[in-house]
1. Here are Arg137, Arg116: which of them is among the basic types (Lys, Arg), away from the ligand (no atom under 16 Å from the Cβ) and not in a strand (DSSP E or B)?
2. Checking the structure you have, find out if any residue of the stretch 451-458 is of a type in the set (S, T, N, Q), open to solvent by 60 Å² or more (accessible area, probe 1.4 Å), outside the structural domain of Gly353 (by TED's automatic domain parsing) and modelled with pLDDT under 50.
3. Report yes if Pro339 is away from the ligand (no atom under 16 Å from the Cβ), outside any helix (DSSP H, G or I) and in contact with a Lys or Arg (Cβ under 9 Å, 6 or more places away or on another chain), otherwise no.
4. Which of the residues belonging to the stretch 353-375 are touching a Gly at 6+ places or on another chain (Cβ under 6 Å) and more than 16 Å from the ligand (Cβ to nearest atom)?
5. Would you check if Asp225 is more than 16 Å from the ligand (Cβ to nearest atom), charged (D, E, K, R), crowded, with 22+ Cβ neighbours inside 10 Å and modelled with pLDDT of 95 or more?
6. Collect the residues in the stretch 55-101 that are part of a helix (DSSP H, G or I) and hydroxyl-bearing (Ser, Thr, Tyr), keeping them in residue-number order.
7. State all residues of the stretch 155-176 that are outside any loop (DSSP other than H, G, I, E, B) and in contact with a helix residue (DSSP H, G or I) (Cβ under 7 Å, 6 or more places away or on another chain); if no residue qualifies, say none.
Amino acid sequence: MANDDHGFATEQVHGGFVPDADHGARVPAIHMSSGFLFDDFDQARDRFAGTDDGYTYTRLGNPTNADVERRIALLERGAEAILVSSGQAAATVAFLGLLQAGDHVVSAQSIYEGTRGLLLQNLGRLGIEVDFVADARDLDAWAAAVRPNTKLFFAETIPNPKNDVLDIAGVAATAHRAGVPLVVDNTLATPYLVRPVEHGADIVIHSASKFLSGHGSGLGGVVVDGGTFDWSVSPERWTHLTSPEHALGGRSYVDAHGTRAYVVYARDVISSRIGPTPSPFNAFLLRQGIETLSLRIERHSQNALAIAQWLDQQPEVTSVDHAGLASSPFHDLAERYLPRGAGSVFAFTLAGGEPAARAFIDAVQLFSRMTHLGDVRSLILHPATTTHAGRTPAERAAQGIHDGLIRLSVGIEDVADLLRDLERGFAALRGAEQHAQGDSLTELQSLGHTVPEQHVIAEEI
Ligand SMILES: *Cc1c(COP(=O)(O)O)cnc(C)c1O
């Protein structure tokens, strides 16, 4: 279905489309059906045997879900995708398709908290160990963390809240030298900004709840297999894929499916057994989102860069973590991997610490106070007391997550309105300072009066 003549925007609306032979519906139907009829006795037998590739039961496959899988696999330039019900389910399926008790993972330190918890608490209890690489740019540190039982490298293309950028090709090459695949979470970049498989990553996961959907109306996740990793090079490492003993039916997954061995195993043995099946209705919502992905990401990225540049000029701001700024330590990586934009989830730090962050966040009216990302609406959050509250102050300090740090997920609204809203935050800060000196302006605010922010800002500048 990949057509070399087609650009991203064309593929996002047409990719993977299979015409509806029954009715000619232009938009594929939502198949809200738990199961599927067999025409007769023999067809039931053949479907179970896999010699007839029709559907049986939605946990094992559903036409609506499959339609979205084809489109995402195409956009990511993967061989095949598995749609699941959340990003956490995607990480679980991707990891359990590779790992067993006694195995070891090397992961970037700065990753989504839920994924970190999954590795430490859930997989940890199953006897799987993980080591974290503090600076993901340090390829020697990745190599030094490898052990004989290491089975995968994991990182995010754009970790939040600090808008870092992963050296995908560098980390992939280091993983491959160690004989293991690189799994990356591409949630914050989306395939519109970067396709990790084209830079050497082997397996890509997404929280489809975020930018791929964009509308924030439902959760979803996806595992995309690049189909690039050769499991037969070290068969003793992946006996669940290479040994007939672990397959039902006498042939190993590699023998039966070749380069598709991993994705078939992850679908049939992990996802279908554990059962994080997405509702076909959510798959439909996700596809509606994907059809406008490039348009949204362009606007998200433009808005975010404009806001980052503006924040960088504010006297109360001590740093802005956005890789699109020339001052960012990740700027060179952003230019290499993210020429279309460095994403729209980033952070800035207020000099006044937590009290300043509180005043700022409570003053905005257009940004939603929310723990979510990649929504068409702009969102604001204080990581130190929410997403990263489970880390010790020393851990947060080591990651640069200071008490004055605020995370933004910039939406697609008019940027002038977003800037005006952020000005409310600064006005509140300035009001709070003046309140300490007994200024009447703040008293007006505390009585619920709207302060004419234009006036406040002009005074301060
Ligand atoms: C949200 C998120 C997840 C988890 O996804 P859910 O859909 O909420 O389960 C994983 N990784 C990243 C980078 C995320 O932002």
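1. Numbers: Arg116 fails: away from the ligand (no atom under 16 Å from the Cβ).
Only one candidate qualifies: Arg137.
2. Filtering the stretch 451-458 down to residues of a type in the set (S, T, N, Q) leaves 454.
Remaining after also requiring open to solvent by 60 Å² or more (accessible area, probe 1.4 Å): 454.
Still in the list and also outside the structural domain of Gly353 (by TED's automatic domain parsing): 454.
So of that shortlist, the ones also modelled with pLDDT under 50 come out as 454.
Scanning the stretch 451-458 turns up at least one residue that is of a type in the set (S, T, N, Q), open to solvent by 60 Å² or more (accessible area, probe 1.4 Å), outside the structural domain of Gly353 (by TED's automatic domain parsing) and modelled with pLDDT under 50.
3. Considered against the rule, which asks whether it is away from the ligand (no atom under 16 Å from the Cβ), outside any helix (DSSP H, G or I) and in contact with a Lys or Arg (Cβ under 9 Å, 6 or more places away or on another chain), Pro339 comes out as no.
4. Gly353, Ala356, Ala357, Phe360, Ala363, Val364
5. Values: more than 16 Å from the ligand (Cβ to nearest atom): yes; charged (D, E, K, R): yes; crowded, with 22+ Cβ neighbours inside 10 Å: yes; modelled with pLDDT of 95 or more: yes.
Criteria met by Asp225.
6. To start, the set of residues in the stretch 55-101 that are part of a helix (DSSP H, G or I) comprises 63-76, 87-96.
Thr64, Thr92, listed by residue number.
7. Residues of the stretch 155-176 that are outside any loop (DSSP other than H, G, I, E, B), as a first pass: 155-156, 168-176.
Within the stretch 155-176, Ala155, Ile168, Ala169, Gly170, Val171, Ala172, Thr174 meet the criteria.
Table: residues versus (1) open to solvent by 20 Å² or more (accessible area, probe 1.4 Å); (2) more than 14 Å from the ligand (Cβ to nearest atom); (3) of a type outside the set (A, V, I, L, M, F, W, C).
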position	(1), (2), (3)
Glu76	no, yes, yes
Ser110	yes, no, yes
Phe153	no, yes, no
Thr174	no, yes, yes
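The values are calculated or read from the model by the stated rules, or taken from the named source; none is laboratory data. Predicted model only: the values in this text are computed from it and were never measured. Please note: Cβ atoms are built from the backbone with ideal geometry, for glycine as well, and neighbour counts cover all protein chains shown. In case anyone asks, the SASA skips ligands and DNA or RNA and just uses the protein heavy atoms, side chains included. Shrake-Rupley method; radii C 1.70, N 1.55, O 1.52, S 1.80 Å.
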